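Reviewing the structure listed below.
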Amino acid sequence: MYLSRRRLLYGTAGVAATSLAGCSAGEETTELTGFTGISMPTKTSERWDIEGAALEKQLTDFGYQAILEYGDDDPEKQVEQIQGMVDQGVEFLIIAAIDNRSLGEVLASAKDNGVYIISYDRLILDTPDVDYYASFDNYQVGVLQAEHILQRLNVEEESGPFNVELFSGASDDSNSQYFFQGGLDTLERYTYDGTIRILSGQTEQGETSTERWSGAVAMERMTGLMEDYYEDERLDAVLCPYDGISRGVIYALEDWGLTPGSDDFPVITGQDAEALSIQLIRDGEGQTQTVFKDTRDLAGVASGMVKTIVGGSEPEVNDLGTYDNGFKFVPAFLLEPVSIDESNWQEELVDSEYLTEEEIDDAVEPQAEEYDPPRN
Ligand code: BGC
């Protein structure tokens with residue numbers, strides 16, 4: 001009977017590793033060498049740039065060969081790159097997907113070759129061929145953003161009503177729904193009792209989403225919201241899921257005539273602790289919060305998973321029941337995000353050597369070219 005590697009390895013990475021170590025005569029006895037393909041989405045968002053390099057370094061420090069490629073936010077390009085890695089014989093794939101539903105076929109081909117697949121930061125959907133998920137508590141990210149808004153608007157003391165608008169991330173990134181849901185659930189009580197109003201009425205993920213997480217796309221939507229709903233109304237806060245989006249929103253509000261840092265400027269949240277956004281938070285220039293996800297730790301979790309499997313054991317996970325990818329609950333290791341504002345950026349980011357003061361001082365718009373005319 002023909003027994004494919006796919007059936008041997010299907011869905012049970014850790015078990016497969018041990019069974020390879022202890023297989024009997026006639027079965028494949030390939031020793032894993034740790035050869036890994038790292039597939040990152042884009043370089044226009046700072047974090048992926050840092051993480052790609054960190055993953056590559058950690059894996060090569062372990063003595064493993066690694067290939068690192070960026071998909072330029074183009075799902076088809078990412079699929080081609082991953083197929084190329086499989087063709088070159090990688091044993092592991094660490095993938096931060098661009099479109100979480102576009103990888104089924106290429107991952108099936110990877111699994112046929114016995115490749116272990118780690119979904120990195122973003123959950124890959126609609127395929128059985130994901131072995132592990134390494135990420136942050138994505139729901140909590142949205143909770144932290146919304147809690148910042150509630151605290152800045154002082155909703156426990158002030159009855160408002162406060163006007164808030166909502167942005168969500170790219171609709172083809174499964175993280176977007178977790179961030180958005182965390183934010184919505186946290187604001188819900190105050191929208192029901194009338195303390196918070198959303199004048200646009202746009203509270204669904206579809207209508208609030210931001211294609212490719214692009215600041216320029218967010219800027220356009222924010223401008224439209226101001227024109228349609230805020231000619232005569234004050235906007236008190238904008239729930240923004242990512243620093244690039246936050247800055248796009250800030251640019252729109254500036255063009256509308258509001259002065260960042262003034263009392264009239266809305267509370268603006270974010271995510272990723274990008275250097276330019278930290279500069280704005282530090283200097284009181286519009287953005288008031290971001291969520292720091294220590295990507296050094298996440299890279300460490302993913303490269304550690306590779307090392308553990310190469311060593312013949314099963315990687316540690318701390319969540320088995322949250323991340324349903326349509327086929328199964330993917331075993332996950334989740335890290336905790338941290339809310340950052342002007343009170344703790346120094347301690348959390350500079351003292352921990354995630355960013356230097358110089359990087360914050362010298363930061364320029366990483367998505368500059370997406371704007372017309374380009375920012376900076
Ligand atoms: C990540 C965020 C990031 C966003 C845009 C999400 O999948 O979890 O950290 O801000 O993508 O790159």
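The values are calculated or read from the model by the stated rules, or taken from the named source; none is laboratory data. This is a predicted model, so every value here is computed, not measured. Backbone-built Cβ (ideal geometry, glycine too); neighbour counts: all protein chains shown.
Observations on the model:
- Note on the range 301-337: residues that are in a strand (DSSP E or B) and either touching a Cys at 6+ places or on another chain (Cβ under 7 Å) or surrounded by fewer than 16 Cβ atoms within 10 Å (Cβ to Cβ) (or both) total 3.
- Exactly one residue out of Gly286, Gly257 is at pLDDT 95 or above, surrounded by fewer than 19 Cβ atoms within 10 Å (Cβ to Cβ) and of a type outside the set (Ser, Thr, Tyr): that is Gly257.
- Filtering Leu334, Leu320 for residues that are under 22 Å from the mean Cα position of the chain (by Cα) and in contact (Cβ under 8 Å) with a residue 24 or more places away in the chain leaves a single hit, Leu334.
- Selected residue (criterion: surrounded by the fewest Cβ atoms within 10 Å (Cβ to Cβ)) from residues of the range 107-121 that are more than 24 Å from the chain's Cα centre (by Cα) and closer than 14 Å to Thr36 by Cβ: Asn113
- For beta carbons closer than 9 Å, sequence separation of 6+ or different chains, a first residue in the range 47-59 that is assigned by TED's automatic domain parsing to the domain that holds Ala302 and among the aromatic types (Phe, Trp, Tyr) and a second that is part of a helix (DSSP H, G or I) and within 13 Å of the ligand (Cβ to nearest atom), the qualifying pairs are Trp48/Thr295.
- Lone unmet requirement of (1) within 14 Å of the ligand (Cβ to nearest atom); (2) assigned to a loop (DSSP other than H, G, I, E, B); (3) not hydrophobic (A, V, I, L, M, F, W, C) for Glu233: (1)
- The residue that is surrounded by the most Cβ atoms within 10 Å (Cβ to Cβ), among those in the range 169-184 that are within 11 Å of the ligand (Cβ to nearest atom) and closer than 18 Å to Val249 by Cβ, is Phe179.
- Members of the range 95-112 found to be outside any helix (DSSP H, G or I) and either touching a helix residue (DSSP H, G or I) at 6+ places or on another chain (Cβ under 6 Å) or under 17 Å from Leu55 (Cβ atoms) (or both), listed by number: Ile95, Ala96, Ala97, Ile98, Asp99, Ser102
- Evaluation of Ala216 against (1) closer than 20 Å to Tyr323 by Cβ; (2) at pLDDT 95 or above; (3) within 16 Å of the ligand (Cβ to nearest atom); (4) of a type outside the set (D, E, K, R) (one fails), failing number: (1)
- Residue match in the range 338-354 (condition: under 24 Å from Ile149 (Cβ atoms), within 16 Å of the chain's Cα centre (by Cα) and not in a loop (DSSP other than H, G, I, E, B)): yes
- Residue, farthest from Gln271 (Cα to Cα), within the range 325-376, restricted to residues that are polar (S, T, N, Q) and modelled with pLDDT of 95 or more: Asn325
- Candidates Tyr242, Tyr230, filtered to the one that is surrounded by fewer than 22 Cβ atoms within 10 Å (Cβ to Cβ) and under 16 Å from Glu165 (Cα atoms): Tyr230
- Residues that are free of Cβ contacts under 8 Å to residues at least 40 places away in the same chain and outside the structural domain of Pro241 (by TED's automatic domain parsing) do not occur anywhere in the range 341-349.
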